[in-house]
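Q: The structure follows.
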Number of protein chains: 2
Amino acid sequence: MPHISDVIDNSSQDTKKHNSTRELLTRARSLAGKTFAQFAELLGTALPRNNVSSKGWFGQQAEVYLGATAKSRAEPDFVELGIELKTLPLTSHHQPKESTYVCTVPGEIMGQQWQTCWLRRKLAHVLWLPYEADNKIDWAQRRIGTAILWQPSKAQHDALKQDWEELMANLSLGEMAQISSHQGQFLQIRPKAANSRELTNMVGSDGNSTPNLPCGFYLRPDFTRLILQQHYN
Amino acid sequence: MPHISDVIDNSSQDTKKHNSTRELLTRARSLAGKTFAQFAELLGTALPRNNVSSKGWFGQQAEVYLGATAKSRAEPDFVELGIELKTLPLTSHHQPKESTYVCTVPGEIMGQQWQTCWLRRKLAHVLWLPYEADNKIDWAQRRIGTAILWQPSKAQHDALKQDWEELMANLSLGEMAQISSHQGQFLQIRPKAANSRELTNMVGSDGNSTPNLPCGFYLRPDFTRLILQQHYN
DNA sequence: AGGGATCCATGATTGGATCCCA
DNA sequence: TGGGATCCAATCATGGATCCCT
């Protein structure tokens, strides 16, 4: 049984966390309407000259601006808040343009559980940062949208859980090579590598290790579209 | 049963290997008597300005000069010959100045066997390249010695095997933290890291993973002293 | 003088994602 | 238009070892 002071401390922590979360959202929303060029100026950095060679630029600079602490580490972007930052490219019709990368598919399949898996933790609390990604708009002139702080609804959670468990079951059945991007209603598994010759080792349920393309979990556009609708309607 | 042509091919391979090994030794010995400054000039590179910040310089440049193929990979330096290159720093009395790093201690202890372990493969065939390492000699003026091509004698092999099996047995008993550099007659285990705060995961015989300092196997000077004596007497 | 601590280079891995063709 | 392929930055891990204090 916790001592009363622990309860008081926790409660105080929760209040701080709540306030910090609101500050984070406020700061993120202060970017709404700004172009990439204006954003770069805010940061005092130069815009990369083209988008092909700077795919992750906006996401990484947004982390810097919002004070994310985890640089390429296996932690939430905002550790103390448990919040993950994800940029969300939009078409000219303000629909998701792409699937959204979530995290890498674990190389060790055995013993993975939904309750504790990395994907679930990543998607437990997300700060979405939409932006214009229509190729007809000059890159420097693309505008940042209004940030959305989101947690999965019961239905969304359950749908993700079902997809995840189906995909993981298929993986453990052995042939990673047979896993298709077509599986999964909202979640899919796709290659995630520098190139198609890259290989890592997958350890299957039989304990054997086989070389495979590194893969990642991606959210299909249908899923992120729901999030946008949920917020704007 | 092999076809007769396979036998002929192998024999041809062996001859090539023999010749290449002699060429390697000859090329290595052509460095005998040269100073670091002269060696750097041979390579067309600059000498690093001090030795503290360039600990691996000679070893790495020697690999380049001798055509080693494995750059930081888990292979022998000269893959086709199965030969490992090791530089050997000497005192003013031409005795080994330091213990000699061999390889990292595997993070997975279970199932390790002497017959197939990396340490045994590394030490199966070594091209030793001695050089003056007395701090009283200006770094640029240190001279390279006569290369020695070495394979362990039966007695040396057995002694290494005994040390290795003793050390590995201790590791698998659990407490990596309790392993001491004092153990082992010719072989020891010591830290091998950027700094003492670095940690990696060790998987013990119980299958549990515990964080530990990354460690390496080192040959004690007594061992390399034997190799020098064996050759020069 | 032995052993705990440390230094550099480079390849591999991971986290940020979007590209782009059939 | 979906999914196979790819791009950059930064960290991590490994291979090359020697430093340097007690």
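The values are calculated or read from the model by the stated rules, or taken from the named source; none is laboratory data. The shown structure was predicted, so the numbers you read here are calculated from the model rather than taken from an experiment. Cβ sites come from the backbone with ideal geometry, for glycine too, and all protein chains shown count toward neighbours.
Q: How many residues are part of a strand (DSSP E or B) and either over 18 Å from A:Cys215 (Cα atoms) or more than 14 Å from chain B (Cβ to nearest Cβ) (or both) if we restrict to the range A:92-116?
A: 6
Q: I'm trying to understand the selection: among the residues of the range B:48-57, which are surrounded by 14 or more Cβ atoms within 10 Å (Cβ to Cβ) and either at positive phi or modelled with pLDDT of 90 or more (or both)?
A: Hit for the range B:48-57 is B:Trp57, nothing else.
Q: Before we move on, is B:Thr69 more than 14 Å from chain A (Cβ to nearest Cβ) and in contact with a helix residue (DSSP H, G or I) (Cβ under 6 Å, 6 or more places away or on another chain)?
A: Values: more than 14 Å from chain A (Cβ to nearest Cβ): yes; in contact with a helix residue (DSSP H, G or I) (Cβ under 6 Å, 6 or more places away or on another chain): no.
So B:Thr69 does not fit the description; no.
Q: Right, next: Say whether the condition of being more than 14 Å from chain A (Cβ to nearest Cβ) and touching a Pro at 6+ places or on another chain (Cβ under 9 Å) is met by at least one residue in the range B:41-48.
A: Among the residues of the range B:41-48, not one is more than 14 Å from chain A (Cβ to nearest Cβ) and touching a Pro at 6+ places or on another chain (Cβ under 9 Å), which makes the answer no.
Q: Show me the strands (runs of 3 or more DSSP E) entirely contained within the range B:139-205 in which 2 or more residues are at pLDDT below 85 and either of a type in the set (D, E, K, R) or within 15 Å of DNA strand D (Cβ to nearest atom) (or both).
A: On the way: elements: B:148-150, B:187-191, B:200-203.
It comes to B:200-203.
Q: Quick one: is B:Leu88 more than 8 Å from DNA strand D (Cβ to nearest atom), closer than 25 Å to B:Thr26 by Cα and in contact with a helix residue (DSSP H, G or I) (Cβ under 7 Å, 6 or more places away or on another chain)?
A: Criteria not met by B:Leu88.
Q: Consider B:Gln60 against the criteria (1) assigned to a helix (DSSP H, G or I); (2) at pLDDT below 75; (3) polar (S, T, N, Q); (4) near DNA strand D (Cβ under 9 Å from one of its atoms): it satisfies all of them except one. Which criterion is unmet?
A: (2)
Q: Under 8 Å between Cβ atoms, which residue pairs at least 6 apart in sequence (or on different chains) link something in the range A:45-57 that is near DNA strand D (Cβ under 7 Å from one of its atoms) with a partner that is not in a loop (DSSP other than H, G, I, E, B)?
A: Here the result reads none, with nothing in the range A:45-57 linked to a residue that is not in a loop (DSSP other than H, G, I, E, B).
Q: Among the hydroxyl-bearing types (Ser, Thr, Tyr), more than 25 Å from B:Pro191 (Cα to Cα) and surrounded by fewer than 18 Cβ atoms within 10 Å (Cβ to Cβ): is that true of B:Thr146 in this structure?
A: Judged against the criteria, B:Thr146 is a match.
Q: Name, by its number, the condition in (1) among the small types (Gly, Ala, Ser); (2) buried (at least 17 other Cβ atoms within 10 Å of the Cβ); (3) within 12 Å of the chain's Cα centre (by Cα) that does not hold for A:Ala124.
A: Evaluating A:Ala124 over (1) among the small types (Gly, Ala, Ser); (2) buried (at least 17 other Cβ atoms within 10 Å of the Cβ); (3) within 12 Å of the chain's Cα centre (by Cα) leaves (2) as the failure.
Q: In the range A:70-110, what count of residues is obtained for those that are modelled with pLDDT under 80, more than 7 Å from DNA strand C (Cβ to nearest atom) and within 20 Å of A:Ile148 (Cα to Cα)?
A: The qualifying residues number 1.
Q: Regarding A:Leu119, is this residue outside any loop (DSSP other than H, G, I, E, B) and within 17 Å of the chain's Cα centre (by Cα)?
A: Yes; evaluated as a whole, the condition is true for this residue.
Q: To continue, here is another question. Out of B:Gln61, B:Gln38, I need the residue that is away from DNA strand C (no atom under 14 Å from the Cβ) and either within 14 Å of another protein chain (Cβ to nearest Cβ) or surrounded by 14 or more Cβ atoms within 10 Å (Cβ to Cβ) (or both). Which one?
A: Residue meeting the stated conditions: B:Gln38.
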